[in-house]
1. In debye to the nearest 20, how big a dipole does the stretch 87-196 give about its Cα centre with +1 on each Lys and Arg Cβ and -1 on each Asp and Glu Cβ?
2. Going through the cross-link list Lys122/Lys225; Lys92/Lys222; Lys115/Lys222; Lys122/Lys222, which pairs have a Cα-Cα distance over 27 Å in this structure?
3. Could you please state, rounded to a whole Å, how far the C-alpha centre of the stretch 134-177 is from the C-alpha centre of the stretch 199-229?
4. Based on the Kirkwood radius over alpha-carbon pairs, what is the Stokes-Einstein translational diffusion coefficient of the stretch 98-175 at 20 °C with 1.002 mPa s viscosity, in µm²/s?
5. I want the local charge near Val150. Using Cβ-Cβ distances under 11 Å, sum +1 for each Lys or Arg and -1 for each Asp or Glu among the other residues.
6. Contour minus end-to-end for Asn123 and Thr39, with contour as 0.36 nm per residue of separation and end-to-end as the Cα-Cα distance?
7. Is the stretch 90-249 rounded, prolate or oblate when judged by the Cα gyration tensor, a ≥ b ≥ c being the square roots of its eigenvalues, rounded requiring a/c under 1.5 and prolate requiring a/b larger than b/c?
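Just so it is clear, none of the values below were taken in a lab; they were calculated from the coordinates. What you see is a predicted model; the values in this text were computed from it and never measured. Positions of Cβ are backbone-derived with ideal geometry, glycine not excepted, and every protein chain shown enters the neighbour counts.
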Amino acid sequence: MKILLSLLATLAGTAQLFAQTPAPSATPPLVPDIPHSKTIMDALIAAGPVMILLFALSVLFVMLLIAYLMTIRRGAIVSRGFMATADALLRKRDYLGLLAVSNRHGEAIARVVQKILDFTTKNPGSDFQQVREIAETEAGRVAASLNNRVTYLADVGMIAPLLGLLGTVLGIIRSFGALGADLGTARYVLLSRGISEALVNTCAGLAIGIPAMVFYAFFRGKAQKLISELESASTHVLALLSLQHDKRFERTPVLIEDEL
């Protein structure tokens, strides 16, 4: 009986001990609540209104790059297929056939040949020196067009850093304005925002301007090479026409309309 009473007393004391034990509190978070850092896109958006102009300039740069990759190439200036066809037709004196082929092709040399044949057919008594001048004028026009198109990349490469410098100056002005204002500790927040805006604008301007100048140098060299090939092809066509022009006067004179 005593053993039973002692056992009940022990159980009652244990229950009272568990009742007095405080409930465990909620587990504290292992990771502190740290504010999310800004992404690159957030920094660009918060960099001021100059970033809108820089974004538009970057879109223009990409569009020019795609257009130049498609147009400033050898197939768009001088193609081997057209030159082989022109050589064969000129040796056969098939000027009308060559004119039709030139109208169907879009290469620069095809336009030069088309101008030459148009002038020749409309002015049958023209001197060969005049034909040469027509060819040189058209080839010079194509060369000037190539050089002028390439310079747009140089313009982008010069304007982008200047716009970045403008954004930098605006950010520095905002930073010094925050230093001069009586805002307490809030001035340091405004100061850091102004410096961040200045640096982001500088980085964006250089990120656009440097690739633009690199691609300008690349396409300028490529354009000069294509212009040299165009001049060589034009000289070849003129040499064949010169041979046909000399043979024309060695034979019995006939109407030029019967030959062309």
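1. Dipole of the stretch 87-196, to the nearest 20 debye: 240 debye.
2. Lys122/Lys225; Lys92/Lys222; Lys122/Lys222
3. Spelled out, the Cα-based centre of one part sits 10 Å from the other.
4. 134 µm²/s
5. +2
6. Going from the current span to full extension adds 23.4 nm.
7. Here the stretch 90-249 falls in the prolate category.
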